[in-house]
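Only one structure is covered here, and it is reproduced in the block below.
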Amino acid sequence: MTNKSKRSSVRPIDLRNDIAKALSRKLVGQPAAIEAIVPFIEMHRAMLSPEGRPNGIFLLLGPTGTGKTKTVEALAEVLHGSSRKVLRIDCGEFQMEHEVAKLIGAPPGYLGHRETQPILTQQRVNAAGSESCDLSLVLFDEIEKAAPSMTRLLLGLLDKGTLRLGDCSTVNFEKTLIFMTSNLGAAKMSEELRPDFGLGAYTPRPAVEKTPRLENIAFAALRRNFSPEFINRLDKIVTYQPLGADALALILSQHIGDLQAHLDKRLGQRTFQLEVPARTRRFLLEEGASEEYGARELKRTIQRLLIQPLASLIAAGEIPAGACIRADVNQRKGRLIMRNLDLDLDAIAS
Ligand SMILES: Nc1ncnc2c1ncn2[C@@H]1O[C@H](COP(=O)(O)OP(=O)(O)OP(=O)(O)O)[C@@H](O)[C@H]1O
Ligand SMILES: [Mg+2]
């Protein structure tokens, strides 16, 4: 092979773009988060990450339902092929000091040493990686809910990339990305996001105008709750944007696409086509999404208004294989009715 043909057979590697694109298909409307995270993956792949510490340490702040937890799940899907490939510590379960001790297990000789397995083991860290990528994702979700000893435990882990367990063994976190999410300042952010009512006039403020204010709220709350040593160990602090109407509509489309894929997979030959017209989408968004609560309720709303009536019809054998079912709005009753388009628009549920 000549040098020329050798060169032309090499595909240009654009890892940053590939991962960023794959992530932005799953995580909607949060480009700053993607920009913050992707360079750290690139550094790991290039084997240039500094030694003796985790590969990246991120604090994700911002209003509820804007995709902080979803970011880590989406990254796990992109890197490891499954959103569950995350070692997730739900900090709400570690509100008492003795609960935090469960993370590292009791020292030998202490009561319960044999019965309690530590939660942060090397095996669990490694299991959050995959054959295609050895970078494990560790998520401390809603960190402000944990007892203060959690921060002390994290200080050592973030600094050295290792954690000493109760039995004196050491867990290595060097090949990890550590994510912490927090609702710090969320109540104040909700106030900021709530529509202004002045003399009955609603004046929505553009999202760009809100961003610096939300950042200020988040940083002030962060400084009140965490020590400078802790804040200094963070590689990136990302404040999530409130989701606008376009982003919420895109997330709804994702959910509807996932539902169709789920129907196809589960029903196999008996599957059918689900059509959700624009009017129904508007209705679902009005019921399940808001700037104040983001997309948090959207999934539950789809479950209640769309999936449950569909499930009753499927269970009763009322949807023939290959049918085209349209979900229409019954505004008067505040719910959806399913119509079989092959049967001359007969309502099969009301
Ligand atoms: N930016 C987004 N892109 C795609 N889906 C999103 C986004 N934000 C929220 N969602 C949807 O809403 C659900 C809830 O979002 P998520 O759990 O990430 O919120 P959060 O920011 O962690 O909120 P909280 O602070 O209340 O924990 C997700 O499972 C996902 O279905
Ligand atoms: Mg969350």
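Where a number appears in this text, it was derived from the coordinates with a stated rule and is not lab data. Just so we're clear, the structure is a prediction, and the values are computed from it rather than from any experiment. Glycine also receives a Cβ, built like all others from the backbone with ideal geometry; neighbour counts cover every protein chain displayed.
Structural remarks
- Mean-square fluctuations from a GNM of the chain, with a 10 angstrom spring cutoff on Cα atoms, peak among Gly294, Gly257, Gly268 at Gly268.
- Relative contact order for region 246-349, counting Cα pairs under 8 Å that sit 6 or more residues apart, in percent: 26 percent
- Interchain or long-range residues, amide H under 5 Å from Ile89's placed H: Leu139, Phe140, Asp141
- Rounded to the nearest 0.05, the FRET efficiency derived from the C-beta distance between Arg45 and Gln303 at R0 = 51 Å is 0.85.
- Counted over the chain, the DSSP beta bridges are approximately 40% antiparallel.
- If the segment from Glu275 to Arg124 were pulled out straight at 0.36 nm per residue, it would be longer than the present Cα-Cα gap by 50.2 nm.
- With both residues required to sit in region 246-349, DSSP beta bridges show an antiparallel share near 75%.
- Ellipticity estimate at 222 nm from DSSP helix runs (n ≥ 4, -39,500 (n - 2.57)) divided over the chain, nearest 500: -13000 deg cm²/dmol
- Inter-label distance, nm, simple model (7 Å from Cα along the C-beta direction), Arg332/Ala245: 2.8 nm
- Comparing Gly166, Gly317, Gly52 in a Gaussian network model of the chain, where Cα atoms under 10 Å apart are tied by springs, the biggest mean-square fluctuation is seen for Gly317.
- 3J(HN,Hα) along region 176-184, derived from phi through the Karplus expression 6.51 cos²θ - 1.76 cosθ + 1.60 where θ = phi - 60°, amounts to 9, 10, 9, 10, 10, 10, 8, 9, 3 Hz, with x in place of Gly and Pro.
- Dimensionless Rg over Rh [region 246-349; C-alpha; Kirkwood]: 0.96
- Counted by neighbouring Cβ atoms within 10 Å, the residues Tyr240, Tyr293 run from fewest to most as Tyr293, Tyr240.
- Calculated from backbone phi, Karplus (6.51, -1.76, 1.60) coupling profile of region 251-265 in Hz, x at Gly/Pro: 5, 4, 4, 4, 4, 5, x, 5, 5, 4, 4, 5, 4, 4, 5
- Our coupling estimate for region 272-279, obtained by passing each phi through the Karplus curve with A = 6.51, B = -1.76, C = 1.60 and θ = phi - 60°, is 9, 9, 9, 10, 10, x, 4, 5 Hz, Gly and Pro reported as x.
- Compactness index (Cα Rg / 2.2 N^0.38 Å), the chain: 1.18
- Mean-square fluctuations from a GNM of the chain, with a 10 angstrom spring cutoff on Cα atoms, peak among Leu298, Leu250, Leu214 at Leu250.
- Violating pairs (Cα-Cα greater than 29 angstrom) within the set Lys102/Lys299; Lys26/Lys175; Lys68/Lys333; Lys70/Lys236; Lys160/Lys210; Lys70/Lys188: Lys102/Lys299; Lys68/Lys333; Lys160/Lys210
- Computed packing ranks the peptides 122-134, 93-105 as 93-105, 122-134, most packed first, by mean other Cβ atoms within 10 Å.
- Extension gain (nm, one decimal) between Asn225 and Gln260, 0.36 nm per residue minus Cα-Cα: 8.2 nm
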